[in-house]
1. Roll a 1.4 angstrom probe over the protein heavy atoms and tell me the percent of accessible area of the chain that is carbon or sulfur.
2. About its Cα centre, what dipole magnitude does the chain give when the only charges are +1 on Lys and Arg Cβ and -1 on Asp and Glu Cβ, stated in debye to the nearest 20?
3. If you keep only loop residues by DSSP, which trypsin sites (Lys or Arg not before Pro) in segment 107-157 have at most 12 other Cβ atoms within 10 Å of their Cβ?
4. Please give me, ordered by residue number, the GluC sites (Glu not before Pro) of segment 235-270 that lie in loop per DSSP and have at most 15 other Cβ atoms within 10 Å.
5. Which one is right for this structure if volume of the Cα convex hull per residue in Å³ is calculated from it: (i) 224; (ii) 160; (iii) 128?
6. List the residues of segment 156-173 whose backbone N lies under 16 Å from a point placed 7 Å from the Cα of VAL107 along the Cα-to-Cβ direction.
7. Only helices at least 27 Å long along their own axis, judged from Cα atoms, and with Kyte-Doolittle mean hydropathy of -1.0 or greater: name those in the chain from DSSP H.
8. Over segment 217-258, average the accessible area per residue using a 1.4 Å probe and give it in Å², no decimals.
Amino acid sequence: MDKIRTIDCGYVEAGLACAYLIVDGERATFVENNTNYAVPLLIEALKEEGLGPESVDYIIITHVHLDHAGGTGKLISLCPNATVLAHPKAAPHVIDPTRLIKSSIQVYGEENYFKLYGEIMPVPKDRVRTMSDGEELIWQKRTFRFLHTRGHANHHFCIYDSLTNGIFTGDTFGIGYTLFRKGQDSLLFPSTTPTDFDPEEAILSVDKILGTGADKAYLTHFGVWEDIRSGASQMKEGLNVMKNILISAEKTGLEGEALLGFCEARVRSYLEDQIHIRHLPFGEKEERFIGFDSQINAQGIAFKIERSRKSRK
């Protein structure tokens, strides 16, 4: 049995974030795991494929943002034979998540943080393996190739899968909710969440993904994107728009909430324009999703501006 299964992690609400279960023969690998609250869904998916936690060889995380990797410690405690595969800069935060927890509480607030993520468990050091840029791993009938992809996070990698000619892109290849899928008019847009947004590096990473020759992207937000070239075109356009928002916001001299509001209004305007151009639906749920991403993308842009200002002082 060989398959890749998309698992809706129920993060905030259905359709926002997923993990992937790769079944190859009688063995399994997870890519992404979302939060502690998603772990029972991942274990249930294994059972539905006729497998148990002992069949899991690898738990791969594209980066340590908690909607991708918050459940890693809990999941590996249930999978006795599994090894976590992580970017060299991500591994220390998996082994000791103290700084990650602290920074996340600063972003979300303590009450909301625990509501979203619960208690983040550390992973034993001897169960973590780091993957270098371009490194390959043969597993069952396929080869995974790991590509370091900056722009969204400095500790991010993507994973090319030789068997399906697809690539697991985390947040590097953007956000493509099924809500906004309509054939050639489907919408894909960048994620510029805090703290490492770099538009130039992000565009280079899109080209790096294209360079694999993959014909599909396995997005964490959300599901399989089938037309990788159209997606790359949208990503580059969107990244250039986010770069221009950053430049114009920096010139205003605004700070704090005023700066954030300036960025959020312009990110939202761009996304709403793209939805209108593509004649996509925009009801209550679609508006919630766009509102969420407008806010968090604006936070990443504003953070970059304020950090840059501090470094110049």
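1. After summing per-atom areas, the C and S share lands at 51 percent.
2. Working: 35 positive and 43 negative charges, 152 e Å.
Around 720 debye, computed over the chain.
3. The qualifying sites are LYS141.
4. Within segment 235-270, the qualifying GluC sites (Glu not before Pro) (loop, at most 15 other Cβ atoms within 10 Å) are GLU255.
5. (iii)
6. So the set is 156-157, 170-173.
7. 228-252, 256-277
8. Heavy-atom SASA per residue in segment 217-258 reads 47 Å².
The values are calculated or read from the model by the stated rules, or taken from the named source; none is laboratory data. Just so it is clear, the model here is predicted, and its values are computed rather than measured. Positions of Cβ are generated from backbone atoms using ideal geometry, with glycine treated the same way; all protein chains shown enter the neighbour counts. Just so you know, the surface numbers come from the protein's heavy atoms only, side chains and all, with ligands and any DNA or RNA stripped out. Shrake-Rupley method; radii C 1.70, N 1.55, O 1.52, S 1.80 Å.
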